[in-house]
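The structure appears right after this line, and notes come after that.
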Amino acid sequence: MEELTLQKDALSLARRNMLAYLESHDVQYVREDAVFRTLGTGEVYNGRADIGAMLHFMYHLAFDAHLEVKHQQVTESQAVVEGLFRGKHIGEIAGVPATGRDVSVPMSVCYDLEDGLIKEARIYFLDDVLLQQLGVSITSRPVRTTYLVRDIFHLKFGQYREAKKLIDEATEKRLMPEAQGNRILTDFTGASYRLIFEEGYESLADYELSMTTSMRTEEWKQWYEKFKPLVERSYREILKQVT
């Protein structure tokens with residue numbers, strides 16, 4: 001009974017603190033040694049002071065903004081929040097002077113909690129959407145691929161046509177990871193019965209984000225269960241562009 005009471009108290013504290021943090025972004029709800037990671041850019045903020053400066057810049061200096069929470073789930077050790085970063089652009093960011101434009105950018109954050117305080121946050125933020133809303137032309141920006149990921153599948157004999165049908169299905173339903181220059185290749189000479197999924201990413205953080213968002217959906221899992229029996233073996237290559 002005592003253990004159950006302690007668990008309820010811990011859950012109540014976590015929920016109360018997260019609610020207060022999401023309303024104010026006050027770093028009193030963040031541990032002194034916390035780490036915040038922006039997965040899209042690879043930026044890392046270490047410690048309460050660094051995190052506080054980043055939050056103050058985003059919500060009060062670059063923008064007069066707030067987080068409009070759409071969904072949230074909180075346990076005593078973790079929290080997941082999905083919502084919209086909404087506000088007015090009032091200060092320079094990413095080289096873009098204040099435009100006075102209103103922005104509404106989808107974002108989600110996964111938090112690790114300890115004793116009711118935030119220990120780590122992993123932030124998923126759509127930077128391209130933000131820049132578009134600020135009037136920055138995304139199409140004029142050069143596409144830069146730093147990492148090339150290849151998932152190489154050796155198919156069982158006689159299974160190419162069935163595998164190709166499943167690939168077409170996945171493409172039509174947009175089940176594949178979002179990446180730059182997606183390609184699906186097969187052998188013209190040399191080794192046979194291979195399918196190679198090739199994607200480009202600017203950073204390993206982008207690759208991790210792609211995996212966590214696209215390959216954890218129930219529809220993708222069901223598709224992959226049909227694809228697996230056609231495969232004899234597989235492996236992955238991650239290549240880094242150096243020039």
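The values are calculated or read from the model by the stated rules, or taken from the named source; none is laboratory data. Worth saying up front: this structure is predicted, and the values here are computed from it rather than measured. Neighbour counts are summed over all protein chains in view; Cβ atoms, including those assigned to glycine, are modelled from backbone coordinates with ideal geometry. Side chains included, ligands, DNA and RNA excluded: accessible areas come from the protein's heavy atoms. Shrake-Rupley method; radii C 1.70, N 1.55, O 1.52, S 1.80 Å.
On the beta carbon distance between residue 20 and residue 221, with R0 = 51 Å, the FRET formula returns roughly 0.90.
Once the chain from residue 128 to residue 171 is taken as fully extended at 0.36 nm per residue, the excess over their C-alpha distance is 13.2 nm. The listed residues 102, 151 rank as 102, 151 when sorted by accessible area, largest first, using a 1.4 Å probe.
Selection among 17, 27, 40 by position relative to the dipole of the range 4-57 gives 17 as farthest towards the positive end (Cβ unit charges, Cα centre).
Tally up the carbon and sulfur contribution to the accessible surface of the chain as a whole percent, 1.4 Å probe, everything protein left in place. Ligands and nucleic acids excluded, carbon and sulfur give 51 percent. Adding -39500 (n - 2.57) for every DSSP H run of four residues or longer, then dividing by how many residues the chain holds, sets the calculated 222 nm ellipticity at -9500 deg cm²/dmol. Between residue 41 and residue 57, the simple label model (points 7 Å from Cα in the Cβ direction) yields a spacing of 0.7 nm.
Mean separation of Cα pairs under 8 Å and 6+ residues apart, divided by the residue count of the chain: what relative contact order is that in percent?
On the way: 426 pairs, mean separation 43.3, N = 243.
About 18 percent, as a whole number.
Stretched out straight at 0.36 nm per residue, the stretch from residue 50 to residue 66 would grow longer than its current Cα-Cα span by 3.8 nm. Solvent-accessible area of residue 202, all protein chains in place: 70 Å² (probe radius 1.4 Å, heavy atoms, ligands and nucleic acids excluded). Note on residue 176: accessible area is roughly 40 Å² with a 1.4 Å probe, heavy atoms of protein only.
Leaving out ligands and nucleic acids, note down the accessible area per residue over the range 1-137 with a 1.4 angstrom probe, in whole Å².
Value for the range 1-137: 55 Å² per residue.
In straight-distance terms, cross-link reach from residue 70 covers every one of the aspartates and glutamates whose alpha-carbon lies under 16 Å from its own, apart from those fewer than eight places away in the same chain; here that gives 23, 82. Cross-link partners for residue 119 among the aspartates and glutamates, with Cα-Cα distance under 17 Å and sequence neighbours closer than 8 places in the same chain left out: 26, 32, 33, 43, 50, 76.
Full extension of the segment from residue 13 to residue 160, taken as 0.36 nm per residue of separation minus the current Cα-Cα distance, would add 47.4 nm. A probe of 1.4 angstrom, applied to the heavy atoms of all protein chains, finds residue 150 with accessible area near 70 square angstrom. For the range 1-103, the alpha-carbon coordinates run over 58, 27, 22 Å along the three principal axes, in decreasing order. Among 208, 232, 32, the largest mean-square fluctuation in a Gaussian network model of the chain (Cα springs under 10 Å) belongs to 232. Compared with the dominant Cα axis of the chain, that is its longest principal axis, helix 204-214 is turned about 80°.
Just how large is the dipole of the chain about the Cα centre, in debye to the nearest 20, putting +1 at every Lys and Arg Cβ and -1 at every Asp and Glu Cβ? Write out the running numbers ahead of the final one.
Details: 30 positive and 38 negative charges, 200 e Å.
Roughly 960 debye, rounded to the nearest 20.
Per residue, the convex hull spanned by the Cα atoms of the chain measures out at 175 cubic angstrom.
When the Gaussian network model of the chain links Cα atoms closer than 10 Å, the mean-square fluctuations of 161, 31, 15 top out at 161.
For the full complex of protein chains and a 1.4 angstrom probe, list 23, 43 by accessible area with the highest value first.
On the way: 23 145, 43 85 Å².
So, going from the largest accessible area down, we get 23, 43.
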